[in-house]
1. Of all residues in segment 135-159, count the ones that are crowded, with 17+ Cβ neighbours inside 10 Å and among the hydroxyl-bearing types (Ser, Thr, Tyr).
2. Could you tell me whether residue 7 is among the hydrophobic types (A, V, I, L, M, F, W, C) and either in contact with a helix residue (DSSP H, G or I) (Cβ under 8 Å, 6 or more places away or on another chain) or not in a helix (DSSP H, G or I) (or both)?
3. Answer yes or no: is there a residue in segment 76-88 that is β-branched (Val, Ile, Thr) and either farther than 25 Å from residue 19 by Cα or open to solvent by less than 50 Å² (accessible area, probe 1.4 Å) (or both).
4. So, of the residues in segment 48-74 that are within 14 Å of the chain's Cα centre (by Cα) and of a type in the set (D, E, K, R), which turns out to be most open to solvent (accessible area, probe 1.4 Å)?
5. Would you check if residue 129 is of a type outside the set (S, T, N, Q), open to solvent by less than 80 Å² (accessible area, probe 1.4 Å), in a strand (DSSP E or B) and closer than 16 Å to residue 47 by Cβ?
6. Which residues, taken from segment 35-47, are open to solvent by 40 Å² or more (accessible area, probe 1.4 Å) and under 20 Å from residue 118 (Cα atoms)?
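The values are calculated or read from the model by the stated rules, or taken from the named source; none is laboratory data. Please read these numbers as outputs of a predicted model, since none were measured by experiment. Cβ placement follows ideal geometry from the backbone for every residue including glycine, while neighbour counts extend to all protein chains displayed. What goes into the accessible areas is simple: the full protein's heavy atoms, side chains included, and nothing from ligands, DNA or RNA. Shrake-Rupley method; radii C 1.70, N 1.55, O 1.52, S 1.80 Å.
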Amino acid sequence: MKRIYLIRHCKAHGQEPSAELTAEGRKQAELLADVLLDRPINCIVSSPYLRAISTIQPLAERLGLPIHQDDRLSERILAVHDLPDWMDHLKRSFDELDMKLPGGESSREAMNRGIAAIEDLLQRPEEHAIVVTHGNLMSLILKHYDDSFGFEAWSRLTNPDVYELGFIGDKAIEVTRLWK
């Protein structure tokens, strides 16, 4: 069985691609490395955003593994302009997967690109991989494998958060939250 550890980045100073981890986020990244070090990880793929790469850097260094960047793991853009009621739109987007705000990406579009990254990873020979992404995209990937994963589950995600997905072929047969 292949295993993918789906990780939401640690606490960061903002949402922009260049946002750095906070001091607490850097400590979380070290703790994350401690927690995952005993797992037989042989591949790391990350969003190109600095906070995602910085989240997994300590583990990658300890394991001597490169961090492969995949743009498909970047955070979903809900809309290009700030929305005072963005949380309401986000909640609705979990039920209306094709809802698309001006300049934004629908949940289905974001889910499809995230799943494409996962499916490509499942075709690789490595058996245990880490995927580092962002909260909204992570929740949409999880929703693909478990339709009950919605807005409420998204709202309970932490920074960081870790889910272990067990696959036989391209079918996820286990979805387990590891980080609490």
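1. The total comes to 2.
2. On the way: among the hydrophobic types (A, V, I, L, M, F, W, C): yes; either in contact with a helix residue (DSSP H, G or I) (Cβ under 8 Å, 6 or more places away or on another chain) or not in a helix (DSSP H, G or I) (or both): yes.
Yes.
3. Let us first name the residues in segment 76-88 that are β-branched (Val, Ile, Thr), namely 77, 80.
Next, only the ones that are either farther than 25 Å from residue 19 by Cα or open to solvent by less than 50 Å² (accessible area, probe 1.4 Å) (or both) stay: none.
So far as segment 76-88 goes, no, none of its residues is β-branched (Val, Ile, Thr) and either farther than 25 Å from residue 19 by Cα or open to solvent by less than 50 Å² (accessible area, probe 1.4 Å) (or both).
4. This residue is 71.
5. Working: of a type outside the set (S, T, N, Q): yes; open to solvent by less than 80 Å² (accessible area, probe 1.4 Å): yes; in a strand (DSSP E or B): yes; closer than 16 Å to residue 47 by Cβ: yes.
Judged against the criteria, residue 129 is a match.
6. As a first pass, look at segment 35-47 and keep what is open to solvent by 40 Å² or more (accessible area, probe 1.4 Å): 35, 37-40, 42.
Listed by number, the residues that qualify are 39, 40, 42.
Results for (1) at pLDDT below 95; (2) within 25 Å of residue 107 (Cβ to Cβ); (3) not in a loop (DSSP other than H, G, I, E, B), shown as yes or no for each residue.
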| site | (1), (2), (3) |
| --- | --- |
| 26 | no, no, yes |
| 33 | no, no, yes |
| 52 | no, yes, yes |
| 79 | yes, yes, no |
| 84 | yes, yes, no |
| 89 | yes, yes, yes |
| 94 | yes, yes, yes |
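Listed here are the residues, each with its yes/no results for (1) within 17 Å of residue 160 (Cα to Cα); (2) hydrophobic (A, V, I, L, M, F, W, C).
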| residue | (1), (2) |
| --- | --- |
| 12 | yes, yes |
| 24 | yes, no |
| 39 | no, no |
| 47 | yes, no |
| 66 | no, no |
| 83 | no, yes |
| 106 | no, no |
